[in-house]
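Trainee: Below is the structure I would like to discuss, written out as structure tokens.
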Amino acid sequence: MSLPKQAIFQAEFAVLNAQIRSIIFNTDASKKLVNFWSSFLGVAIAQESDSFVWLESGTSCVRLGFQIVSDSEVSSDALHFDVEVSDKDMALEQIESLGGNLIEKHAINFVVADPQGNKFCIYSH
């Protein structure tokens with residue numbers, strides 16, 4: 001008995017160990033969104049810079065981050081996932097084979113999109 005093609009494909013890429021690690025909101029510099037989620041979840045700000053704010057993760061293994069962007073960018077791609085993978089290049093190959101595509105390559109991550117154009121980032125440690 002042979003395995004279905006989908007099962008073979010899934011097994012081939014299982015070594016990527018892809019896991020959602022962060023959910024990133026685009027927000028303006030007012031930090032209204034940061035304060036909302038911090039208060040609602042009962043967690044403090046863990047890190048802060050000119051371009052990012054990270055909340056403490058609390059008991060969750062998924063962190064909330066807030067990317068400070070211009071007002072015109074706030075509604076554009078207002079939310080995206082960061083997915084940790086063991087190998088960015090292999091993950092990109094899988095994403096493209098599933099109908100997704102590469103948007104931008106950066107030193108620390110790749111911005112990619114699923115088949116409907118929803119953007120997310122992949123990175124490895």
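Trainee: Taking ASP50 and the conditions (1) loosely packed, with under 13 Cβ neighbours inside 10 Å; (2) closer than 23 Å to ASN17 by Cα, which numbered condition does it fall short on, given that it satisfies the others?
Mentor: ASP50 satisfies every listed condition except (2).
Conditions (1) assigned to a strand (DSSP E or B); (2) among the small types (Gly, Ala, Ser); (3) modelled with pLDDT under 90, marked per residue:
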site: PHE40; (1), (2), (3): no, no, yes
site: ALA46; (1), (2), (3): yes, yes, no
site: GLY65; (1), (2), (3): yes, yes, no
site: SER72; (1), (2), (3): no, yes, yes
site: ASP77; (1), (2), (3): no, no, yes
site: MET90; (1), (2), (3): no, no, no
site: GLU96; (1), (2), (3): no, no, no
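Trainee: In region 68-125, how many residues are charged (D, E, K, R), surrounded by 13 or more Cβ atoms within 10 Å (Cβ to Cβ) and without any contact (Cβ under 8 Å) to a residue 24 or more places away in the chain?
Mentor: So the answer is 2.
Trainee: How about region 14-38: which of its residues are surrounded by 10 or more Cβ atoms within 10 Å (Cβ to Cβ) and either of a type in the set (Phe, Trp, Tyr) or at pLDDT below 85 (or both)?
Mentor: Within region 14-38, VAL15, LEU16, ASN17, PHE25, ASP28, ALA29, SER30, LYS31, PHE36, TRP37 qualify.
Trainee: Looking at ALA11, is it at pLDDT 85 or above and loosely packed, with under 12 Cβ neighbours inside 10 Å?
Mentor: So ALA11 does not fit the description; no.
Trainee: Next up: With the requirement that a residue be touching a Cys at 6+ places or on another chain (Cβ under 8 Å) and of a type outside the set (A, V, I, L, M, F, W, C), what does region 100-125 give you? Walk me through how you get there before you give the answer.
Mentor: Quick first cut of region 100-125, residues touching a Cys at 6+ places or on another chain (Cβ under 8 Å) only: 109-112.
Scanning region 100-125 gives a single hit, ASN109.
Trainee: What single numbered condition from (1) under 24 Å from LYS31 (Cβ atoms); (2) in contact with a helix residue (DSSP H, G or I) (Cβ under 9 Å, 6 or more places away or on another chain) fails to hold for LYS105?
Mentor: (1)
The values are calculated or read from the model by the stated rules, or taken from the named source; none is laboratory data. If you're wondering where the values come from, they're calculated on a predicted model, not measured in any experiment. As a convention, Cβ positions derive from the backbone with ideal geometry for all residues, glycine included, and neighbour counts pool all protein chains shown.
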